[in-house]
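Only one structure is covered here, and it is reproduced in the block below.
Laboratory data are not the source of any read-out in this text; all were calculated from the coordinates shown. Treat the numbers as computed from the prediction; the structure is a model and nothing was measured. Here the Cβ is made from the backbone with ideal geometry for all residues, glycine too, and neighbour counts use every protein chain on show.
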Amino acid sequence: LIESIREGKIPATEKNVDAAKEAYRSVTSEKVASVTEEKEVSKISAELHPVYKEKMSPCEADCPAGHAIRKTISLVQENRFEEALENVKRENPFPGVCGRVCFHPCESRCNRNEYDEGIAINALERAVFDYADASKVNKPEKKGKTGKKVAIIGSGPAGMTCAYFLSILGHEVTVFEASPFLGGIPRVAIPDYRLPKNVIDKEIEQIVELGIDIRTNTRVGKDISFSSVTLA
């Protein structure tokens with residue numbers, strides 16, 4: 001506009017001159033703002049540097065059993081199912097059961113949800129149990145005998161999990177169960193299509209193999225007194 005006025009293409013009226021000045025100021029302001037912004041970005045970029053922090057992943061933080069989920073996923077990626085099973089059983093002796101009936105709150109907290117959908121962690125742990133070669137899975141290393149005895153009443157998941165870890169710690173464990181079979185509520189209340197009985201049997205068998213004394217058909221308080229249990 002200014003050049004057109006100078007060259008006589010547009011009359012140099014007061015209105016045209018004012019319009020030309022306003023246009024110039026507008027363009028100049030935009031250029032200054034652009035240059036300033038670029039300088040600020042360059043300055044900030046120069047000050048930025050990566051920060052690495054060790055934090056618990058959201059999925060592991062929400063896992064009721066405290067599974068080392070990230071490590072399990074990494075091992076499965078490498079087809080190292082036996083090591084993955086050993087990793088899960090460091091925190092939970094029932095990966096086969098939990099892989100079928102756990103309500104998996106970990107999946108709703110998975111970071112992948114920010115991109116598409118969470119990893120099927122529950123299905124992965126089920127696969128770890130189903131596909132791992134049990135003959136190649138190392139049994140947990142037991143500590144030396146402590147000479148202490150522990151009685152556990154009930155052979156459900158809580159009772160057998162206690163028996164599993166207490167035995168590993170070197171204690172002498174006895175489980176009292178009122179019914180003729182082990183497994184508690186999962187065995188009697190969850191249908192086979194959801195939790196096959198052979199899965200329960202296999203995992204309980206692996207726990208019992210640690211040297212746990214099992215007393216079925218023994219109701220504490222009826223078949224055996226509570227005092228005899230505590231004083232044994």
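Quick look at the numbers
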| read-out | value |
| --- | --- |
| Residue order, fewest to most surrounding Cβ atoms within 10 angstrom, among Leu85, Leu166 | Leu166, Leu85 |
| Near-label residues of region 145-181 by backbone N, under 20 Å of a point 7 Å along Cα→Cβ of Ala65 | 154-169 |
| Inter-site label distance for Asn217 and Asp116 at 7 Å from Cα along Cβ, in nm | 5.6 |
| Per-selection metrics, region 53-125 (Cα): Rg and Dmax in Å | 11.7, 34 |
| Equivalent ellipsoid, region 149-231 (semi-axes from 5 times Cα gyration tensor eigenvalues, Å) | 22, 16, 8 |
| Paramagnetic label zone (point 7 Å from Cα along Cα-to-C-beta, Phe226; backbone N under 17 Å) in region 167-207 | 176-178 |
| Enclosed volume per residue, in Å³, of the convex hull spanned by Cα atoms of region 54-94 | 69 |
